[in-house]
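S.K.: Questions regarding the structure given below will be posed in turn.
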């Protein structure tokens, strides 16, 4: 019997809740697809999926430290608008990618959907704060941006159904991500999965 293990391509449907409040719903007709064992989903959920069988349904409670991380006040930044002049138009909920070293800090629009997965501020051990920042407030001369994931600091409950399990292709095993068609299908349907408090710019599943 096929079970979920490393280097398998897994499709899941799920409902994500904080208490009784639904944050996301992903139907079996448009499942979330990922490659298991590459740390591309939150650790608490990946651990809970290991060894699961096709068609299995289960519920798992995941604390913030095994989910989207604790909420960090140091990831709230006040940025002079002058630093964002090359970005162009700004709006609430907009996501920007920040690069920082000892000499400079730069914001830009992420180029691809991969960057929303790769550059989350979930394991920022160097303290630099590089990653994706959401525009929270636009003031006269400054912009307030937040590098926390929208679900940071939340204890979450996942109701999960395992929809499909297949061996990942060579390219998928090399990259750690589903082939492009699967990846694009997920993001094309993402708008239908979010709760009322999140808009289509918040495409950060992990």
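S.K.: Can you find a residue that is touching a helix residue (DSSP H, G or I) at 6+ places or on another chain (Cβ under 6 Å), closer than 15 Å to residue 160 by Cα and surrounded by 16 or more Cβ atoms within 10 Å (Cβ to Cβ) anywhere in the range 37-58?
M.R.: Yes, the conditions are met somewhere in the range 37-58.
S.K.: Same structure again: Please specify each residue of the range 1-18 satisfying the condition of being at pLDDT 95 or above and either over 22 Å from residue 170 (Cα atoms) or part of a loop (DSSP other than H, G, I, E, B) (or both).
M.R.: Selection gives 4, 5, 6, 7, 13, 14, 15, 16, 17, 18.
S.K.: Can I ask one more? Quick check on my filter: what residues within the range 93-140 are in a loop (DSSP other than H, G, I, E, B), modelled with pLDDT of 55 or more and exposed (fewer than 13 other Cβ atoms within 10 Å of the Cβ)?
M.R.: 101, 102, 103, 104, 109, 111, 112, 139, 140
Per-residue answers, yes or no, for (1) under 26 Å from residue 170 (Cα atoms); (2) free of Cβ contacts under 8 Å to residues at least 12 places away in the same chain; (3) not assigned by TED's automatic domain parsing to the domain that holds residue 180:
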| site | (1), (2), (3) |
| --- | --- |
| 21 | no, no, no |
| 59 | no, no, no |
| 98 | no, no, yes |
| 102 | no, yes, yes |
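S.K.: Something else about it: When the range 1-36 is examined, which residues are found to be within 18 Å of residue 150 (Cα to Cα) and surrounded by fewer than 18 Cβ atoms within 10 Å (Cβ to Cβ)?
M.R.: Result: 15, 18, 19, 20, 21, 22, 25.
The values are calculated or read from the model by the stated rules, or taken from the named source; none is laboratory data. Quick caveat: nothing in here was measured; it's all calculated off a predicted structure. Reconstructed Cβ throughout: ideal geometry from the backbone, glycine too, with neighbour counts over all protein chains shown.
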